[in-house]
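**Student:** Below is a structure I'd like to ask you about.
Please treat every number below as a calculation from the coordinates, not as lab data. In this text, all values refer to a predicted model and were calculated from it rather than measured experimentally. Positions of Cβ are backbone-derived with ideal geometry, glycine not excepted, and every protein chain shown enters the neighbour counts.
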Amino acid sequence: MSFPLTVILGLETSCDETAAAVVVNGRLVRANVVASQHALHERYHGVVPEIASRAHLERLAPVVRQALEEAGVTFDDLDAVAVGNRPGLIGSLLVGVSAAQALSWITGKPLIGIDHVQAHLYAPNLLTQPAPADASARREPPPAMAYPALGLVVSGGHTSLYTMRSATQMTRLGKTIDDAVGEAFDKAAVILGLGYPGGPAIDRAAQHGDPEAHQLPMSLLDRDSLDFSFSGLKTALLYTVRGRPKGRGKQAVFERTGEELTQQQRCDLAAAFQRTVVETVIVKLERALERLRERGEAPRSLVIGGGVAANSLLRRRVAELGEAQGLSVRIPAIEYCLDNGAMIAGLAHAYHAWGASDTLDLPAIATTAV
Ligand code: KG4
Ligand code: ZN
């Protein structure tokens, strides 16, 4: 008996990546095209919303065309058009949502709106099709995720913990009360003069640094709290680099500029910062596991998603935690940690299989639903 294949096109434009992907049966990625806008935002040390939405407008059509070509499919072969319609920068979201609405209307294929945060937690299920000549490719694909799961989203806009009953049903256990973890990495890189985006720059610099050379404060909030806070750590790093300021706000005058840091000092501070962030996240994961076990809701897997899940130390420490606690750890391949259309198309399969779709007036919404 053979089963029909379900082919879904996924669009992602919530922030500064213009992305489209074609995914078969919710797991097999046939094409994953991402046009990054980093070069456009670099000089501002962050994403400028107006520039981002304009760039999405210019890039989305060629990106979609390339994804279909690489996947070897046409619009006729699609079973649905999915789009990340929340959360994100509203102007950026609108570009993707309008394009998906138009494609759905023209082709008559169902339209499926996807929550970007939920999609990050779906990403570990994605599989890249091995090249036909790749003899080392496994004949058995890794199994899909086992639920219930403890899920952590760590990205430029989000830092949240969830208990997940399925890919589409989750309850938030905690979130950041100030900066998102990726935002903290990006700001720390500006303080250290390491460039943009900051996460990968700090990750690279930290490889050459000594994390013990500086002690930065770890903010764990109340003893039982599953929320996160990174603004105190960022300020501590700023004062370590530039000294205590005289005056407040824009009038603040620092003792040093930070430009006189040696390359080794930059690497040591990057390593100390990264270690402090990662250990904070590990403590929160341990607390969440303990809490869920006490409630009789012990998870079977530990799932990490979002751009910061690309961090080499976090990946290593989460794998160690999973091993120590007997949990199956699911961390996406790096290309599926960063914003992409494959996670949107993949998660849309779960909704499509269940017969759910949206109407053509699907809204773009700045906030997450989970
Ligand atoms: O998920 P994502 O691509 O976009 C949002 O949904 O926000 O995450 C982007 C964030 C940026 O803050 C970037 O600095 C961070 O992920 N990031 C990293 C690494 N690679 C990307 N942070 C730490 N280490 C990395 N290797
Ligand atoms: Zn994201």
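**Student:** With springs only between Cα atoms under 10 Å, which of G108, G156, G247 fluctuates most in a Gaussian network model of the chain?
**Tutor:** Highest fluctuation among the options: G247.
**Student:** Please list the helices of the chain that count as membrane-span-like by this rule: a mean Kyte-Doolittle hydropathy of at least 0.5 together with Cα atoms stretching 24 Å or more along the helix axis, each helix being a complete DSSP H run.
**Tutor:** Working: long enough: 49-71 (31 Å, -0.21); 90-107 (25 Å, 1.44); 263-294 (47 Å, -0.32).
Correct list, ordered by number: 90-107.
**Student:** Hey, another quick one. Going by Cα centres, segment 110-177 and segment 324-370 are how many Å apart?
**Tutor:** Taking the Cα centre of segment 324-370 as reference, the centre of segment 110-177 is 7 Å away.
**Student:** What ranking do D16, D79 get, fewest neighbouring Cβ atoms within 10 angstrom at the top? Provide the component values of the computation, followed by the final result.
**Tutor:** Working: D16 25, D79 16.
With the sparsest Cβ surroundings first, the list reads D79, D16.
**Student:** Now, a different point. What does the net charge come to around L314 if you take all other residues with beta carbon closer than 13 Å to its beta carbon, with K and R at +1 and D and E at -1? If you can, show how the numbers build up before the last one.
**Tutor:** Working: positive: R275, K284, R315, R316, R317; negative: D203, E279, E320.
Combined, the nearby Lys, Arg, Asp and Glu give +2.
**Student:** Rounded to the nearest 20 debye, what is the charge dipole size of the chain about its Cα centre when +1 sits on each Lys and Arg Cβ and -1 on each Asp and Glu Cβ?
**Tutor:** Values: 35 positive and 39 negative charges, 134 e Å.
Rounded to the nearest 20 debye, it is 640 debye.
**Student:** I would also like to ask the following. Have a look at the DSSP beta bridges in the chain and tell me what percent are antiparallel, nearest 5. It would help to have the intermediate numbers written out before the result.
**Tutor:** Working: 27 of 47 bridges.
Just about 55 percent of them are antiparallel.
**Student:** Could you quote the convex hull projected area for the chain, Cα atoms only and averaged over all directions, in nm²? Spell out each step's value before the answer.
**Tutor:** Details: hull surface 82.5 nm².
Averaged projected area of the chain's Cα convex hull equals 20.6 nm².
**Student:** Here is a follow-up. To the nearest Å, what is the center-to-center distance of segment 200-217 and segment 33-86, using C-alpha atoms only?
**Tutor:** 33 Å
**Student:** Take the residue pairs K175/K234; K187/K284; K175/K250; K250/K284; K187/K250 and return only those whose Cα atoms are more than 26 Å apart. Let's see the in-between values first.
**Tutor:** On the way: K175/K234 17 Å; K187/K284 22 Å; K175/K250 29 Å; K250/K284 34 Å; K187/K250 17 Å.
Pairs exceeding the cut-off: K175/K250; K250/K284.
**Student:** I would also like to ask the following. In the neighborhood of K175, defined by Cβ-to-Cβ distances under 11 Å, what is the net charge if each Lys or Arg adds +1 and each Asp or Glu adds -1? Intermediate values should be presented prior to the final figure.
**Tutor:** Values: positive: R172, K284; negative: D178, D227.
In short, 0.
**Student:** Now for a separate question. If contacts are Cα pairs under 8 angstrom and at least 6 residues apart, what is the relative contact order of segment 227-343 in percent? Walk me through the numbers before you get to the answer.
**Tutor:** On the way: 85 pairs, mean separation 22.1, N = 117.
Computed value for segment 227-343: 19 percent relative contact order.
**Student:** Something else now. Just for the Cα atoms in segment 171-290, what are the lengths along the principal axes, largest first, rounded to whole Å?
**Tutor:** 45, 34, 24
**Student:** How big is the Cα convex hull of segment 117-172 in projection, averaged over all directions, in nm²? Don't skip to the answer; put the middle values down first.
**Tutor:** Details: hull surface 19.6 nm².
Mean orientational projected area (segment 117-172, Cα hull): 4.9 nm².
**Student:** Rg (Å, one decimal) plus Dmax (Å, integer) for the alpha carbons of segment 28-119?
**Tutor:** Reported Rg and Dmax, both Å: 14.0, 42.
**Student:** Here's something else I'd like to know. Tell me the volume per residue, in Å³, of the convex hull enclosing the alpha carbons of segment 218-370.
**Tutor:** Working: hull volume 30.4 nm³, N = 153.
Taking the convex hull of the Cα positions in segment 218-370, it is 199 Å³ per residue.
**Student:** Here's a follow-up. So, counting K/R as plus one and D/E as minus one, what does the shell of residues with Cβ under 10 Å around E297 add up to?
**Tutor:** Details: positive: R165, R291, R293, R295; negative: E294.
Summing Lys/Arg as +1 and Asp/Glu as -1 gives +3.
**Student:** In whole Å, largest first, what are the principal axis extents of the Cα atoms in segment 1-46?
**Tutor:** 56, 14, 11
**Student:** Using a Gaussian network for the chain with springs between C-alpha atoms less than 10 Å apart, which of these wobbles most: R291, R59, R244?
**Tutor:** Sorting by GNM fluctuation, first place goes to R244.
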